[in-house]
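> Here you go, one structure.
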Amino acid sequence: MEFLAGLGIDVDPGVRGLVELLRQERSIGADDTELADFVEPALSASEFSAAIAYLVQLYVAVQDKGLLSLDPVVARFLGRP
């Protein structure tokens, strides 16, 4: 649990919501700001983009070929939905 607490994903409910969306969907379009409505709580397009940038900067999420997904180690610690 110390590993997860140290990730910084609970800094904001929107960031945690994006992590949960990534956990459920496995990957999403990194530029698909319409998905912001599916985050709990719902985010604006700019909040969604900022949350993505935050998670990528912390290496919690990775972008590859236009898709965003959780880092495999982080995903393993979070478990399956």
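Any read-out appearing in this document is the output of simple, stated calculations on the displayed coordinates, not a laboratory observation. Keep in mind that what you see is a predicted model, and the values were worked out from it rather than measured. FYI the Cβ positions are ideal-geometry reconstructions off the backbone, even for glycines, and counts take in every protein chain you see.
> Dipole magnitude of the chain about its Cα centre, charges +1 at Lys/Arg Cβ and -1 at Asp/Glu Cβ only, in debye to the nearest 20?
Rounded to the nearest 20 debye, it is 360 debye.
> Say the dipole of segment 1-64 comes from +1 at the beta carbon of Lys and Arg and -1 at that of Asp and Glu; which of Leu18, Phe3, Tyr59 then lies farthest toward its positive end?
Of the listed residues, the answer is Phe3.
> Considering the chain as a Gaussian network with a 10 Å cut-off on Cα pairs, which listed residue, Val11, Val56, Val19, attains the greatest mean-square fluctuation?
Val11
> Taking the simple approach of a point 7 Å from Cα along Cα-to-Cβ for both Val11 and Arg76, what is their distance in nm?
Here the modelled spin labels are 2.5 nm apart.
> What are the residues whose amide H is under 5 Å from the amide H of Leu67, where those residues sit 5 or more places off or on another chain and H is modelled from the backbone?
Those qualifying (amide H under 5 Å, at least 5 residues apart or on another chain) are Ala30.
> Also, quick follow-up: Quickly work out the Ala45-to-Asp31 label distance, labels modelled 7 Å from Cα along the C-beta direction, and quote it in nm with one decimal.
Reported label-point gap for Asp31 and Ala45 is 1.3 nm.
> Counting only C-alpha contacts under 8 Å and six or more residues apart, can you give the relative contact order of the chain as a whole percent? Numbers along the way, then the final one.
Values: 92 pairs, mean separation 27.9, N = 81.
Over the chain, the number comes to 34 percent.
> Just need log10 I(q)/I(0) for the chain at q = 0.22, 0.25 Å⁻¹, Debye formula, equal scatterers on the alpha-carbon atoms, no solvent, rounded to two decimals.
So the normalised log intensities work out to -1.00, -1.32.
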